[in-house]
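Reading through the structure tokens given below for one structure.
Read-outs: derived from the displayed coordinates by stated rules, not from any lab. Predicted model only: the values in this text are computed from it and were never measured. Heads up, the Cβs are rebuilt from the backbone with ideal geometry, glycines too, and the neighbour counts pull from every protein chain shown.
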Amino acid sequence: MNFELTKEQEMVRDMVRDFAQAEIAPHARELDEKHEFRKESFDKMAQLGLFGIPFPEKYGGSGGDTISYALAVEEIGRACGGTGLSYAAAVSLGATPFYNFGTEEQKQEYLVPMAQGKTLGSFGLTEPNAGSDAGGTRTKAYLDGDEWVINGEKCWITNASYARQVVVTAVTGQNERGKNIITAIIVPTDTPGVTIRSDYKKMGVRASNTCEIILENVRVPKENVLGDEKKGFGQFLNTLDGGRISIAALSVGIAQAAFDKALKYSKERVQFGQSISKLQAIQFKLADMAMEIELARNMVFKAAWLKDNGKPFKKEAAYAKLFASEMGFRTCNQAIQIHGGYGYMAEYDVERHLRDIKLMEIGEGTSEIQRVVISRQLGC
Ligand SMILES: Cc1cc2nc3c(=O)[nH]c(=O)nc-3n(C[C@H](O)[C@H](O)[C@H](O)COP(=O)(O)OP(=O)(O)OC[C@H]3O[C@@H](n4cnc5c(N)ncnc54)[C@H](O)[C@@H]3O)c2cc1C
């Protein structure tokens, strides 16, 4: 067993770390305060080829692996949780479904520009009444001649204001057992009848763009189905398995940022005539935080390695997402504790990390749903 990163993986990590600390981290607090998505950061990430890391060169990517991609997500998330979320969503949820399920024509039309970072794509599964129970989707589509006509509503969709297209799930019929057939349909965001609003007031990940999408008699060509018309729901679940690795990596990045600040602060803060890092109570907190971050990072690498080697990774992706997000919450909380009252203030950033990390326990399947996925994998 080899725990060393390859030269290429190290290069990606170091390049993204340098870039993210120089270009993304300095803006993080302001973007959080203003609830602002910084398009400029995404343009620079595109120039560096970050959107194409896990895709082959023939589709505009750089032919890297999932481990390299996870390292990139971790480093962007370490610099800014919201920017990290939008980056991870753009690659794992926006582009990957086209790579996994698209026709050759759809790959050329949609995946290539996304992998090159020229366009963004969104993943529209969640609805006001269908969250964890995504199979309860109420958006409907029917064929009228050569066009799908779609009506419905999606909520909390990442990057939609900046996306060229959204892949939405819609009920398109019933199977022989009377169950809904759910189809994934590509909807260009400039299609008449599509309304996208982004006026949520969020607790955290505020540098990420989060949208409501209304679909009113939206017409798209029949061939805009992504993958198998009858298996859209299964495809979305498969997409989420991969996405969970990136949410786990993002959790590690946010936790690492909180830890770095807590360690630094503990050495600077003097109480009772010595720096608080000399107090065993503080040392033990830092030791636990460092250990848990390392463990979560290893879980991310293992899930990514399994995926890269064509092995089943559903359970390990859920392990990694569940552990890393809950670990991240504990770590950010302890980082505030180590900062005392200063940690409660925005200027020390650790309260932002706690607000950002909370989303990781909710998005792409809540912690409870991860436990459902794991217990099913265990055969319960
Ligand atoms: C900032 C942000 C960005 C997002 N981006 C996207 C996106 O790009 N695309 C997209 O499609 N969605 C997106 N989402 C939606 C996200 O995936 C959902 O919020 C999530 O899946 C949970 O659904 P819900 O919020 O409706 O919660 P609910 O499903 O209503 O759950 C409420 C509570 O009940 C629990 N619960 C529900 N069912 C079970 C069960 N069977 N067993 C045990 N407990 C259960 C949940 O764990 C939770 O604690 C985003 C959400 C946010 C906040």
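For this structure, a couple of remarks:
- For the stretch 7-119, the relative contact order works out to 32 percent when only alpha carbon pairs closer than 8 Å and six or more residues apart are counted.
- Relative to the longest principal axis of the Cα atoms of the chain, the long axis of helix 367-377 lies at roughly 70 degrees.
- Relative contact order (percent, whole number), the chain, Cα cutoff 8 Å, 6+ residue spacing: 17 percent
- Restricting the GluC sites (Glu not before Pro) of the stretch 1-50 to loop positions (DSSP other than H, G, I, E, B) with no more than 10 neighbouring Cβ atoms within 10 Å leaves E4.
- Comparing M360, M327, M15 in a Gaussian network model of the chain, where Cα atoms under 10 Å apart are tied by springs, the biggest mean-square fluctuation is seen for M15.
- Tensor-based shape of the stretch 86-158 (alpha-carbon gyration tensor, a/c under 1.5 rounded, otherwise prolate or oblate): oblate
- Degrees, to the nearest 10: 232-268 long Cα axis against longest axis of the chain: 20 degrees
- The stretch 239-271 residues near the modelled A25 label - backbone nitrogen below 20 Å, point 7 Å along Cα→Cβ: 249-269
- Sparsely packed trypsin sites (Lys or Arg not before Pro) within the stretch 107-138, loop by DSSP, other Cβ within 10 Å at most 15: K118, R138
- Inter-centroid distance (Cα atoms) of the stretch 247-261 relative to the stretch 37-70, Å: 20 Å
- On the beta carbon distance between E229 and Q377, with R0 = 30 Å, the FRET formula returns roughly 0.60.
- Computed about the Cα centre, the dipole magnitude for the stretch 123-229 is approximately 460 debye when only Lys and Arg (+1) and Asp and Glu (-1) carry charge, each at its Cβ.
- Residue exposure proxy: M203, M11, M114, ordered by other Cβ atoms within 10 angstrom of their Cβ from fewest to most, comes out as M203, M11, M114.
- Table column - 3J(HN,Hα) (Hz), the stretch 24-36, Karplus curve with 6.51, -1.76, 1.60, x for Gly and Pro: 10, 4, x, 9, 4, 5, 5, 5, 5, 5, 8, 6, 10
- When I213, I196, I338 are sorted by how many other C-beta atoms sit within 10 angstrom of their C-beta, beginning with the fewest, the order is I196, I338, I213.
- An oblate overall shape is assigned to the stretch 179-247, the ratio a/c of its alpha-carbon gyration tensor axes (a ≥ b ≥ c) being 1.5 or greater and a/b not exceeding b/c.
- Sequence-ordered 3J(HN,Hα) estimates for the stretch 270-283 from the Karplus curve with 6.51, -1.76 and 1.60 and θ = phi - 60° stand at 9, 9, 6, x, 8, 5, 5, 5, 8, 7, 4, 4, 6, 4 Hz, glycine and proline given as x.
- Anchor K264: lysines whose Cα lies under 22 Å away (excluding residues fewer than 8 positions away in-chain): K278, K285
- Cα-centred dipole magnitude for the stretch 11-76, charges only on beta-carbon of K, R (+1) and D, E (-1), debye, nearest 20: 140 debye
- Measuring between their Cα centroids, the stretch 131-198 and the stretch 303-380 lie 28 Å from each other.
- Nonlocal amide H pairs with E127, under 5 Å, H built at 1.01 Å: C155
- Mean projected area in nm² (Cα convex hull; one quarter of hull surface) for the chain: 19.7 nm²
- Amide H within-cut-off set for L48, under 5 Å, with H built and near neighbours excluded: none
- Principal-axis tilt of helix 7-19 within the chain, Cα atoms, nearest 10 degrees: 80 degrees
- Stretching the chain fully between D199 and E104 yields a gain of 30.6 nm (0.36 nm per residue, less the alpha carbon separation).
- With the charge dipole of the chain set up from +1 on Lys and Arg Cβ and -1 on Asp and Glu Cβ about the Cα centre, the Cα lying farthest toward the positive end among the listed residues M114, T210, S325 is that of S325.
- Of the residues T195, T66, the one with the fewest other Cβ atoms within 10 Å heads the list, and the complete ranking is T195, T66.
- Cross-link reach list, lysines versus K314, counting only Cα pairs under 16 Å and skipping chain neighbours closer than eight places: K302
- Charge sum, other residues only, whose C-beta stays under 11 Å from E74's C-beta, Lys/Arg counted +1 and Asp/Glu -1: +3
- Taking trypsin sites (Lys or Arg not before Pro) across the stretch 199-258, the ones in a DSSP loop with at most 12 further Cβ atoms lying within 10 angstrom of their Cβ are K201.
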